[in-house]
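The values are calculated or read from the model by the stated rules, or taken from the named source; none is laboratory data. The structure displayed is predicted, hence computed values, not measured ones. Here the Cβ positions follow ideal geometry from the backbone for every residue, glycine too, while neighbour counts run over all protein chains shown.
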Amino acid sequence: MVDGSPSGVTPLSSFQVFVWNEERGLVPTVATESDLKVADSWLVSDGYVYGLALHKLRFFQACRHIIQGIHPPLELELFWQAVLEKLPRQGRWFPRVELAWKSNLQLFLRLRPAPSVQETARVWIENHFDPRRTPRRKGPDLTSLAELRHRAMTKGANEALLVTPSGIVQETSSSSILWWKGDTLCTPSPSLRILPSITVNLIQQMAYEMGVHTVFRKTPLSELEGLEVWLANSLHGIRPVVQWVGNSPSITAGPVQKAPLWQRMLHARAQLL
């Protein structure tokens with residue numbers, strides 16, 4: 001089952017990169033610079049993963065938007081099956097599949113040890129300019145978002161908040177954002193510049209099954225004062241925000257009350273590869 005506990009040592013030297021070859025399958029290659037068009041990643045813990053079918057759908061949809069009209073077409077389904085066969089069934093891994101331009105469009109698998117799972121989040125809130133060029137497609141903006149997250153770490157946070165020019169909350173440098181208004185679960189409006197989140201999709205499915213009311217909102221940061229706020233992504237799952245770092249504006253994180261139960265429910269949705 002996917003959870004936040006150690007399940008075995010995965011040596012950092014296990015990092016590997018493979019390129020897709022239609023005749024030979026996934027072939028080891030060297031990690032070099034390329035123009036990343038699409039990427040998707042998920043946590044694998046002792047062979048368990050949640051939301052894998054949704055990750056596949058998001059990756060395929062983004063790839064097909066890029067490769068439409070290309071001849072011969074890339075064999076996405078064969079590539080995906082080869083990726084699943086390559087994933088280890090022991091240890092904790094954070095594989096990433098990619099469509100990238102490297103003399104031509106190519107498919108890659110980065111087989112990476114998973115970073116340590118974070119149980120909580122501290123968010124830097126300095127009204128950051130949104131650096132993303134393609135907010136609804138994961139891949140092209142990963143480098144600029146990683147740089148922003150590194151800046152947040154120098155401020156004592158582990159995420160940086162992204163807002164609209166008018167101050168509406170969108171998401172963070174690597175996670176989607178949700179918050180509770182009483183017993184109503186709120187998420188940013190899909191009309192905003194946000195990435196369709198697999199983890200949020202799963203949380204909303206759980207909310208529907210439990211009869212929890214959910215709404216979309218365009219909300220300024222100041223309205224999150226004192227509320228239970230979560231960050232969600234495929235690596236860390238649900239992380240309650242325990243501190244807002246910065247003075248723009250200065251707000252206080254709400255008490256963490258609902259997150260533990262929902263974290264357990266999310267982990268329970270993991271399935272064996």
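Couple of notes before you dig in:
- Number of positions in the stretch 119-149 that are under 14 Å from the mean Cα position of the chain (by Cα), part of a loop (DSSP other than H, G, I, E, B) and either without any contact (Cβ under 8 Å) to a residue 24 or more places away in the chain or surrounded by fewer than 16 Cβ atoms within 10 Å (Cβ to Cβ) (or both): 2
- Checked against the criterion of being crowded, with 19+ Cβ neighbours inside 10 Å, modelled with pLDDT of 95 or more, assigned to a helix (DSSP H, G or I) and outside the structural domain of Ala232 (by TED's automatic domain parsing), the stretch 67-79 has at least one qualifying residue.
- Reported count of residues in the stretch 80-103, each being assigned to a helix (DSSP H, G or I) and of a type in the set (D, E, K, R), is 2.
- Test: residue in the stretch 31-39 that is more than 24 Å from Arg133 (Cα to Cα), outside the structural domain of Ile238 (by TED's automatic domain parsing), outside any loop (DSSP other than H, G, I, E, B) and not polar (S, T, N, Q): no
- Taking the stretch 50-77 as the range and being touching a residue at least 12 places away in the same chain (Cβ under 8 Å) and more than 19 Å from Lys37 (Cβ to Cβ) as the test, the residues that pass are Tyr50, Gly51, Leu52, Leu54.
- Residue within the stretch 150-163 that is free of Cβ contacts under 8 Å to residues at least 12 places away in the same chain and not assigned by TED's automatic domain parsing to the domain that holds Thr252 present: no
- Among the numbered conditions (1) within 17 Å of Ser234 (Cβ to Cβ); (2) exposed (fewer than 15 other Cβ atoms within 10 Å of the Cβ), the only one that Asp35 does not meet is (1).
- Considering the stretch 185-194, and only residues there that are assigned to a loop (DSSP other than H, G, I, E, B) and in contact with a strand residue (DSSP E or B) (Cβ under 7 Å, 6 or more places away or on another chain), the residue that is surrounded by the fewest Cβ atoms within 10 Å (Cβ to Cβ) turns out to be Pro190.
- Considering (1) in contact (Cβ under 8 Å) with a residue 12 or more places away in the chain; (2) surrounded by fewer than 19 Cβ atoms within 10 Å (Cβ to Cβ), the lone condition that Gly182 does not fulfil carries the number (1).
- Some residue of the stretch 156-175 being more than 18 Å from the chain's Cα centre (by Cα) and not in a loop (DSSP other than H, G, I, E, B): yes
- Residue ID - nearest to the chain's Cα centre (by Cα), chosen from residues in the stretch 81-118 that are small (Gly, Ala, Ser) and crowded, with 17+ Cβ neighbours inside 10 Å: Ala114
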